[in-house]
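The values are calculated or read from the model by the stated rules, or taken from the named source; none is laboratory data. Being a predicted model, the structure only gives us computed values, none of them experimental. Cβ placement follows ideal geometry from the backbone for every residue including glycine, while neighbour counts extend to all protein chains displayed. Accessible surface is based on the protein model in full, side chains and every heavy atom, while ligands, DNA and RNA are left aside. Shrake-Rupley method; radii C 1.70, N 1.55, O 1.52, S 1.80 Å.
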Amino acid sequence: MRYLLLLLSLLSLHVQAETYATDLHESVASIDVSVKDMYGREASGKVTITQFKPDGDGPFPIMILNHGRSVSNHGEPPRFRYTAQVRFFTSRGFAVFVPTRIGYGAMGTSFDPETSGNCVSPDYAPMAEAASKEILAVLDYAKQQPYVDPHRVLLVGQSVGGYTTTAAAAKNPDGLVAAINFAGGSGGDPDKHPGIPCQGQKLEEMYSHFGATTKVPMLWIYTQNDRFFNPDHSQAWHAAFVKAGGNAEYHLMPAFKENGHFLFAGGINIWSPVVAEFLGKMGFPAEPLTH
């Protein structure tokens with residue numbers, strides 16, 4: 001009897017693990033990408049791609065949604081999905097591709113191409129190069145799907161994903177129309193040094209570097225009480241990006257709960273009007289599509 005209960009329990013867990021959002025036509029694929037870490041070591045790893053699409057055959061504009069980086073546990077979640085946020089974009093006609101990058105999730109290994117070293121002397125450039133290479137590889141994969149429009153691309157990212165989205169946008173891939181950076185940055189720790197990232201001026205230099213080559217408009221969304229990157233830093237990064245030639249709207253949103261860094265995850269009703277307005281200006285549907 002105990003064996004039967006254990007078996008049923010394991011089967012139940014397996015079913016739960018394999019449950020997909022059928023209304024979003026969720027599916028999973030993977031691609032191999034070779035990247036280098038900050039020490040110059042190169043390795044090939046698998047990028048897991050969770051993909052979603054609206055009903056119908058398309059062609060749908062492409063959106064790549066890029067995740068952040070936990071301070072401590074890079075193995076959770078097993079793969080990134082963001083289904084609540086994805087629904088905002090699929091309702092506006094986007095086919096959404098969510099990569100779980102190398103070093104994260106269930107496919108994560110000891111090889112971490114997005115480490116930036118210690119807080120005293122971090123190096124943020126290798127992270128940007130590795131992650132943006134993966135993002136652009138996912139974009140190449142997305143463009144091969146029969147239901148997409150390869151000439152209408154939106155990049156979106158949160159936290160480290162916002163930083164690496166900006167890095168990818170700076171490479172100006174074919175078809176890119178715009179990009180959105182939610183609370184982008186790196187080197188933050190809300191417990192050890194709240195609001196103050198490790199060597200924030202180095203990130204300012206990186207954003208200046210990105211601004212010099214980025215050709216598409218961007219939307220940057222930060223909050224008053226971001227315990228990873230306070231407004232002094234995000235405003236300085238935006239100023240450096242624009243001064244170097246980048247085009248980015250900066251929105252500093254009011255404080256959100258205990259830590260505004262997580263606005264993207266928990267405050268869809270707050271950021272959705274700002275994002276919808278930006279999408280409309282970029283030629284994408286600002287309101288949900290009706291059938």
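Structural remarks
- If you go through segment 91-114 and pick out every residue that is more than 15 Å from residue 284 (Cβ to Cβ) and part of a loop (DSSP other than H, G, I, E, B), you end up with 14.
- When residues of segment 76-90 are limited to those that are open to solvent by 50 Å² or more (accessible area, probe 1.4 Å) and part of a loop (DSSP other than H, G, I, E, B), the one modelled with the lowest pLDDT: 76
- The residues of segment 104-123 that are farther than 16 Å from residue 161 by Cβ and buried (at least 19 other Cβ atoms within 10 Å of the Cβ) amount to a single one, 122.
- Subset tally (residues that are of a type in the set (A, V, I, L, M, F, W, C) and open to solvent by 20 Å² or more (accessible area, probe 1.4 Å)) for segment 237-252: 4
- Residue match in segment 209-222 (condition: over 16 Å from residue 163 (Cβ atoms) and either open to solvent by less than 60 Å² (accessible area, probe 1.4 Å) or in contact with a Ser or Thr (Cβ under 7 Å, 6 or more places away or on another chain) (or both)): yes
- 3 or more residues in contact with an Asp or Glu (Cβ under 9 Å, 6 or more places away or on another chain): qualifying strands (runs of 3 or more DSSP E) within segment 160-279: 218-223
- Looking across segment 18-75, just one residue is surrounded by 20 or more Cβ atoms within 10 Å (Cβ to Cβ), among the basic types (Lys, Arg) and over 17 Å from the mean Cα position of the chain (by Cα), and that is 53.
- Within segment 134-147, being hydrophobic (A, V, I, L, M, F, W, C) and open to solvent by 10 Å² or more (accessible area, probe 1.4 Å) holds for 136, 137.
- Test result for residue 203, of a type outside the set (Val, Ile, Thr), open to solvent by 20 Å² or more (accessible area, probe 1.4 Å) and touching a Pro at 6+ places or on another chain (Cβ under 9 Å): no
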